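Undergrad: Next up is a structure, given as structure tokens.
Read-outs: derived from the displayed coordinates by stated rules, not from any lab. The structure presented is a predicted model; accordingly, all values stated were derived computationally and were not measured. Neighbour counts run over all protein chains shown; Cβ positions are idealised from the backbone, glycine included.
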Amino acid sequence: MTDAILVLNAGSSSIKFELFKVVEDHAETRLDGQMEGIGASPHLIARDARRQVLADQRWSGPDVADHVTALARIMDGIEPGIAGRRIIAVGHRVVHGGPDLAEPMLVNDAAMDTLGKLIPLAPLHQPHNIAGIIAASNRFPGVPQIACFDTAFHRAHAWEADTFALPPEYYERGIRRYGFHGLSYEYISDMLAREEPALAAGRVVVAHLGNGSSLCAIHKGRSVDSTMGFTALDGVPMGTRCGQIDPGVLLHLMLTEKMDAADLTGLLYGNAGLKGMSGISQDVRDLEKSADPRAAQALTYYAWRVRREIGALAAALGGIDALVFTAGIGENARNLRAKICEGLGHLGITIDAEANQANAHEIAAPGSATRVLVRATDEEAMIARHVLGVLHRSKSA
Ligand code: ADP
């Protein structure tokens, strides 16, 4: 029997999973996949490390009605891929660690209480993350469950980067700029420390541009500021989320158009960003193919806002030594990357058109004062690493 770690990322109607084999002190991916459409049209897909399909199954909604059943179906479906392996721990992506949790934690009853208390800070995500932990505890009784927080990497922000301009009691009540995508930023930061130690010791802006998009200013491996705030709505526009919006707009919509919290949630989370602006799709590939001027406009707005934030974060860092693009759009959307970098020459950023077209690891033009890198992120690998760290520390404690 070899040891394995299961990593789960539970959303409202999906569970993404990845199984890692433990090899000495590190974790190697063995298989991954997801169960989508829990309660509606459940679909499990799993692939092994060579991308061969291990499982591809569908059920009717009531047959996989909740996360506990979904996890049971996942484990049945990937049975052949886990034969001969013993799951020694389950790592969970948890969106919110609140103001205090800056490290991954071993989940026990007290910790579940703490995570539950954070639901009001992330009502759309935290309950599903907790459901994932409950499902895994049921399925693997006695196996350590380890929570890793998307907010944790940002917890060393200075007060001025964390606060809103409200009376201090709001800050005390937890109304703060938490920042998200922390596991991705930590992964990139660790990678730079290994591959580019001189850059990692400097000032880096990481643009995590995916369906959810944000940017982070990192100095000497620590997050200094980030574009996301109290929720994952703030900052740059995203697939379906609005990004920065004047709060006065919300007051206007409530007062004059009588929109309530549910209406605004639907608009800001689900029908804004690239999808809302274009009326076509949240996917950059669809928009690039479309001849509809609204598609081009949405991409122009996206690039414009990302460029503004790069400037803002460079100011927060007092300069910039490297810009790193990551996540689905950051790693693949060449045209959008070029558009974002247009006009950033004043920050020493000039890209090489050919390298950019090739999605090369380094896309800065020769002589560009600032390095411009493209790197794949891997939040699940970061979680697996954290799980090993927690297990190691609890052994030696
Ligand atoms: P998530 O936040 O869901 O993890 P990803 O990081 O996978 O999202 O990013 C998904 C987005 O990446 C897609 O919606 C698409 O817009 C973009 N993307 C992926 N591949 C390409 C590509 N080849 N060209 C342009 N955009 C791409």
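Undergrad: Which residue, 189, 94, 123, has the largest displacement toward the positive end of the dipole of the chain when charges sit on each Cβ (Lys, Arg +1; Asp, Glu -1)?
TA: So the residue furthest toward the plus end is 189.
Undergrad: What angle, in degrees between 0 and 90 and rounded to the nearest 10, separates the Cα long axis of helix 126-139 from the longest principal axis of the Cα atoms of the chain?
TA: Tilt of helix 126-139: around 20 degrees.
Undergrad: A follow-up question, please. What net charge do the residues around residue 366 carry, taking every other residue with its C-beta under 13 Å from that of residue 366, with Lys and Arg at +1 and Asp and Glu at -1?
TA: Within the 13 Å Cβ shell, the charges total -2.
Undergrad: Here is a follow-up. Fewest Cβ neighbours within 10 Å first, please rank 66, 260 accordingly.
TA: Ordered from fewest to most neighbouring Cβ atoms within 10 Å, 66, 260 come out as 260, 66.
Undergrad: For the range 266-397, state the average projected area of the convex hull of the C-alpha atoms over all orientations, rounded to one decimal in nm².
TA: One quarter of the hull surface, i.e. the mean projection, equals 11.4 nm².
Undergrad: Just how large is the dipole of the chain about the Cα centre, in debye to the nearest 20, putting +1 at every Lys and Arg Cβ and -1 at every Asp and Glu Cβ?
TA: Around 260 debye, computed over the chain.
Undergrad: Then there is this: Rounded to two decimal places and with Rh computed the Kirkwood way over Cα pairs, what is Rg over Rh for the range 300-341?
TA: Result for the range 300-341 is an Rg/Rh of 0.98.
Undergrad: Would you please name the GluC sites (Glu not before Pro) within the range 179-258 that are DSSP coil residues with at most 16 other C-beta atoms within 10 Å of their C-beta?
TA: Taking the range 179-258 and a limit of 16 other Cβ atoms within 10 Å, the loop GluC sites (Glu not before Pro) found are 257.
Undergrad: Shifting gears a bit: If one computes the Cα centroid of the range 257-301 and of the range 65-134, what distance in Å separates the two points?
TA: Value for the Cα centre distance between the two parts: 31 Å.
Undergrad: Run the numbers on the range 179-338 and let me know its relative contact order in percent, using alpha-carbon pairs under 8 Å that are six or more apart. Walk me through the numbers before you get to the answer.
TA: Working: 268 pairs, mean separation 43.2, N = 160.
Relative contact order, the range 179-338: 27 percent.
Undergrad: For a quick protection proxy, order the peptides 4-17, 295-308, 114-127, 44-57 by their average other-Cβ count within 10 Å, most packed first.
TA: Descending mean neighbour count gives 4-17, 295-308, 114-127, 44-57.
Undergrad: Give the percent of DSSP beta bridges with both residues in the chain that are antiparallel, rounded to the nearest 5.
TA: DSSP beta bridges in the chain are roughly 65 percent antiparallel.
Undergrad: Just for the Cα atoms in the range 1-72, what are the lengths along the principal axes, largest first, rounded to whole Å?
TA: Largest to smallest, the principal-axis extents are 42, 22, 20 Å.
Undergrad: Need one number: convex hull volume per residue for the range 202-347, Cα atoms only, in Å³.
TA: Details: hull volume 16.3 nm³, N = 146.
Spread over its residues, the Cα hull of the range 202-347 gives 111 Å³ apiece.
Undergrad: Still on this model: Taking the chain as the reference, fit the longest principal axis to its C-alpha atoms, fit the long axis of helix 67-77 to the helix C-alpha atoms, and give the angle between the two in degrees, 0 to 90, nearest 10.
TA: That helix lies at roughly 70 degrees to the long axis.
Undergrad: Also, I was wondering about something else. Restricting things to alpha carbons, find the Rg to Rh ratio for the range 1-132 using the Kirkwood radius for Rh.
TA: Computed over Cα atoms, the ratio is 0.99.
Undergrad: Net charge near residue 20, counting Lys/Arg +1 and Asp/Glu -1 over other residues with Cβ under 12 Å of its Cβ?
TA: Result for the local shell: -2.
Undergrad: Calculate the spin-label point distance for residue 280 paired with residue 41, positioning each point 7 Å from the Cα along the beta-carbon direction, and give it in nanometres.
TA: 2.4 nm
Undergrad: Taking 2.2 N^0.38 Å as the expected size of a compact globular protein, what ratio does the Cα radius of gyration of the chain give against it, to two decimals?
TA: Working: Rg = 21.2 Å, N = 397, 2.2 N^0.38 = 21.4 Å.
My calculation over the Cα atoms of the chain gives 0.99.
Undergrad: How high is the relative contact order of the chain? Use alpha-carbon pairs under 8 Å, at least six apart in sequence, and give a whole percent.
TA: 13 percent
Undergrad: Output the 0 to 90 degree angle, nearest 10, between the alpha-carbon long axis of helix 182-195 and the longest principal axis computed from the alpha carbons of the chain.
TA: Value to nearest ten degrees: 80.
Undergrad: A further question follows. I need the Kirkwood Rh of the range 72-204: take the reciprocal of the average 1/r across all distinct C-alpha pairs and report it in angstrom.
TA: With all distinct Cα pairs of the range 72-204 included, I get 16.9 Å.
Undergrad: Looking at the range 124-212, which trypsin sites (Lys or Arg not before Pro) are DSSP coil and have at most 16 other C-beta atoms within 10 Å of their C-beta? Walk me through the numbers on the way to the answer.
TA: Working: sites: 139, 155, 173, 176, 177, 194, 203; in loops: 155, 173, 176, 177.
Hits after loop and neighbour filter: 173.
Undergrad: Also: What is the fewest-to-most order of 309, 288, 331 by other Cβ atoms lying within 10 Å of their Cβ?
TA: Least crowded to most crowded, the residues run 288, 331, 309.
Undergrad: What lysines sit close enough to residue 16 to cross-link, taking a C-alpha to C-alpha distance under 26 Å and skipping anything fewer than 8 places away on the same chain?
TA: Those lysines meeting the cut-off are 117, 275.
Undergrad: Tell me, Kirkwood radius of the range 249-335 from alpha-carbon pair distances, in Å?
TA: Result for the range 249-335 stands at 15.2 Å.
Undergrad: Right, another one. Excluding residues on the same chain fewer than 8 positions from residue 339, give the lysines whose Cα lies under 18 Å from its Cα.
TA: Counting by Cα, and skipping residues close in sequence, residue 339 has these lysines nearby: 289.
Undergrad: Give the calculated FRET efficiency between residue 26 and residue 165 to the nearest 0.05, with a Förster radius of 30 Å applied to their Cβ-Cβ distance.
TA: 0.10
Undergrad: Also, quick follow-up: In straight Cα distance, which lysines are under 27 Å from residue 21, not counting same-chain residues fewer than 8 positions off?
TA: Counting by Cα, and skipping residues close in sequence, residue 21 has these lysines nearby: 395.
Undergrad: Considering the alpha-carbon set of the range 143-190 alone, what are its Rg and its Dmax in angstrom?
TA: Rg and Dmax of the range 143-190, Cα atoms, are 13.4, 44 Å.
Undergrad: If Lys and Arg each add +1 and Asp and Glu each add -1, what is the summed charge of the other residues whose beta carbon sits under 13 Å from the beta carbon of residue 254?
TA: Taking every other residue near residue 254 into account, the sum is -2.
Undergrad: Here is a further query. So for the range 184-272, averaging the separation of alpha carbon pairs under 8 Å that are six or more residues apart and normalising by length, what relative contact order in percent results?
TA: Details: 115 pairs, mean separation 16.2, N = 89.
Dividing the mean separation by the residue count of the range 184-272 yields 18 percent.
Undergrad: Percentage of Cα-Cα pair distances in the range 151-282 greater than 24 Å, rounded to whole percent?
TA: Summing the P(r) tail past 24 Å for the range 151-282 gives 39 percent.
Undergrad: OK, next. What's the exposure ranking of 289, 21, going from fewest to most Cβ atoms within 10 Å?
TA: Working: 289 12, 21 18.
Result, fewest neighbours first: 289, 21.
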